[in-house]
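Engineer: Below is a structure I'd like to ask you about.
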Amino acid sequence: MDEDMLADQRRLVELVENEGWDVTDLEISAYDSPWADEDDPEATVTITARKPYVSDENGEDGTDGDDENPFRLK
């Protein structure tokens, strides 16, 4: 794997973390593009991150309490 690709991946993770996100999974795939006639490799970076959002001073999470969505955690 190209060192430039790994350096770019580290930079992307740094940017995400600087915004307050916790990176929970990371994947980089390097490949030769099937759509380009060039010999230069390409990379895809997949970053999975989570970020908790703090409730306001009243303990409310900013959602409407009348939500009847059965998939929403209460």
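The values are calculated or read from the model by the stated rules, or taken from the named source; none is laboratory data. Please read all numbers here as calculations on a predicted model, not as lab measurements. The protein model used for the area step is the full one, side chains on, heavy atoms only, and it has no ligands, DNA or RNA in it. Shrake-Rupley method; radii C 1.70, N 1.55, O 1.52, S 1.80 Å.
Engineer: Anything in region 1-59 that is assigned to a strand (DSSP E or B) and of a type in the set (S, T, N, Q)? List them, or say none.
Structural biologist: Within region 1-59, T24, S29, T44, T46, T48 qualify.
Engineer: Which numbered condition in (1) more than 22 Å from the chain's Cα centre (by Cα); (2) at pLDDT 75 or above; (3) within 22 Å of D8 (Cα to Cα) is the only one that A36 fails?
Structural biologist: (2)
Engineer: Ok, one more. Among the residues of region 4-33, what is the count of those that are modelled with pLDDT under 90 and open to solvent by 70 Å² or more (accessible area, probe 1.4 Å)?
Structural biologist: Count: 2.
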